Amino acid sequence: MTEYVTVSEDMPQARTGAIKLHGPEGFEGMRKAGRLAAEILDALVPHVVPGVTTGELDDIVRTMSLAAGGVPATLGYRGYTHSCCISINHVVCHGIPSDRTLKDGDIANIDVTPLLGGWHGDTSRMYLVGNVPIKARRLVDVTYECLMLGLEQARPGNHLGDISHAIQQHAEKHRYGVVRDFCGHGVGQLFHDAPEVVHIGRPGTGPELRPGMFFTVEPMINIGRPDVKLLEDGWTAVTRDRSLSAQFEHSIGITETGCEIFTTSPKGLDHPPY
């Protein structure tokens with residue numbers, strides 16, 4: 001049975017398996033962290049072009065996070081040594097920044113999580129590099145639609161399964177595969193917390209959505225089959241059939257009437273073309 005606990009923001013936070021319900025201070029903290037995350041992704045738009053290295057983009061993320069008084073939550077997380085994840089083409093998630101150069105026609109997901117004032121703003125967007133084929137553009141469009149259709153179900157009294165079902169139904173209508181191996185998660189003063197937010201499911205199943213819940217929704221959608229494999233670096237996940245994959249992610253809070261998206265772009269750059 002799902003356990004919920006109302007937390008005060010000054011109490012020590014720990015992963016207990018219970019779903020935390022936050023008050024106004026938590027919402028304010030998440031707004032600030034989420035806005036910084038969105039501003040970082042906005043600032044990357046003119047830099048995501050053919051010829052740039054993913055390491056150079058990672059430097060921008062780190063510089064902006066520190067300049068704003070935050071720190072990239074991924075830096076040092078379980079031994080990870082970079083400030084974001086950049087996943088290109090058939091990389092599903094957790095692509096490691098390096099000296100790899102983006103090429104014309106690539107699609108790339110950039111996932112950032114600045115830790116600001118004790119709160120994690122976790123978000124990712126897709127970027128189109130140069131002249132991207134229509135097939136890849138369509139995948140990116142549908143993946144964003146999956147995210148937003150899922151968020152339409154994020155309101156009190158619904159269940160996580162309602163979000164999952166909306167995502168799965170839309171993706172599979174387009175004959176795309178929904179990744180099962182990775183999911184969204186609770187977020188707040190902890191980087192990863194309860195509940196797990198899977199992206200396939202049945203309406204009315206899973207934990208009930210209650211005001212004060214904070215979590216991410218981050219569907220990973222493949223043109224081909226949903227199966228993935230982990231590379232030897234222990235981080236990078238790729239599609240087994242090497243088909244293209246796309247992902248968008250928002251951090252949200254459940255309110256009395258619906259949900260608040262903490263990571264919306266201040267410039268309206270939530271999905272390409274930018």
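Is it fair to say Val52 is open to solvent by less than 60 Å² (accessible area, probe 1.4 Å) and modelled with pLDDT under 95? Spell out the reasoning first.
Working: open to solvent by less than 60 Å² (accessible area, probe 1.4 Å): yes; modelled with pLDDT under 95: no.
Here the answer is no, as Val52 does not meet what is asked.
Search segment 215-274 for residues being open to solvent by 40 Å² or more (accessible area, probe 1.4 Å) and aliphatic (A, V, I, L, M), and hand back the single one that is farthest from Val198 (Cα to Cα).
Within segment 215-274, the match that is farthest from Val198 (Cα to Cα) is Leu231.
Just to confirm my filter: which strands (runs of 3 or more DSSP E) fall fully inside segment 89-206 and include at least 3 residues that are surrounded by fewer than 22 Cβ atoms within 10 Å (Cβ to Cβ)? Can you show your working first?
Details: elements: 91-93, 107-112, 114-116, 123-128, 184-186, 193-197.
The strands (runs of 3 or more DSSP E) meeting that bar are 193-197.
Checking Asp241 against (1) assigned to a loop (DSSP other than H, G, I, E, B); (2) touching a helix residue (DSSP H, G or I) at 6+ places or on another chain (Cβ under 9 Å); (3) not small (Gly, Ala, Ser), which single condition isn't satisfied?
Unmet condition: (2).
One residue is enough: does segment 10-26 have a residue meeting the conditions over 26 Å from Met213 (Cβ atoms), open to solvent by 20 Å² or more (accessible area, probe 1.4 Å) and small (Gly, Ala, Ser)? Please lay out each step first, then the result.
To start, the set of residues in segment 10-26 that are over 26 Å from Met213 (Cβ atoms) comprises none.
Scanning segment 10-26 turns up no residue that is over 26 Å from Met213 (Cβ atoms), open to solvent by 20 Å² or more (accessible area, probe 1.4 Å) and small (Gly, Ala, Ser).
Which residues, taken from segment 78-88, are part of a loop (DSSP other than H, G, I, E, B) and surrounded by 16 or more Cβ atoms within 10 Å (Cβ to Cβ)?
Here is the first cut: in segment 78-88, the ones part of a loop (DSSP other than H, G, I, E, B) are 80-84.
The answer is Tyr80, His82, Ser83, Cys84.
Using beta carbons and a limit of 9 Å, which pairs, at least six apart or on different chains, have the first residue in segment 203-223 and under 30 Å from His90 (Cβ atoms) and at pLDDT 95 or above and the second one of a type in the set (Asp, Glu) and open to solvent by less than 10 Å² (accessible area, probe 1.4 Å)?
These pairs meet every condition: Thr216/Asp122; Thr216/Glu249; Val217/Glu249; Glu218/Asp122; Glu218/Glu249; Pro219/Glu249.
Could you tell me whether any residue of segment 56-69 is in a loop (DSSP other than H, G, I, E, B) and touching a strand residue (DSSP E or B) at 6+ places or on another chain (Cβ under 7 Å)? Break it down into steps so the answer makes sense when it comes.
Applying the first criterion (in a loop (DSSP other than H, G, I, E, B)) to segment 56-69 yields 68-69.
Okay, now just the ones that are also touching a strand residue (DSSP E or B) at 6+ places or on another chain (Cβ under 7 Å), so 68-69.
Yes.
Can you tell me which of Leu66, Leu57, Leu75, Leu44 is open to solvent by 10 Å² or more (accessible area, probe 1.4 Å), under 18 Å from the mean Cα position of the chain (by Cα) and not polar (S, T, N, Q)?
Details: Leu66 fails: under 18 Å from the mean Cα position of the chain (by Cα); Leu57 fails: open to solvent by 10 Å² or more (accessible area, probe 1.4 Å); Leu44 fails: open to solvent by 10 Å² or more (accessible area, probe 1.4 Å).
Every option except Leu75 fails the conditions.
The values are calculated or read from the model by the stated rules, or taken from the named source; none is laboratory data. Bear in mind the structure is a predicted one, so any value in this text is a computation, not a measurement. A quick note on method: Cβ atoms are made from the backbone with ideal geometry, for glycine too, and the neighbour counts reach across all protein chains shown. All accessible areas refer to the heavy atoms of the entire protein, side chains included, with ligands and DNA or RNA removed. Shrake-Rupley method; radii C 1.70, N 1.55, O 1.52, S 1.80 Å.
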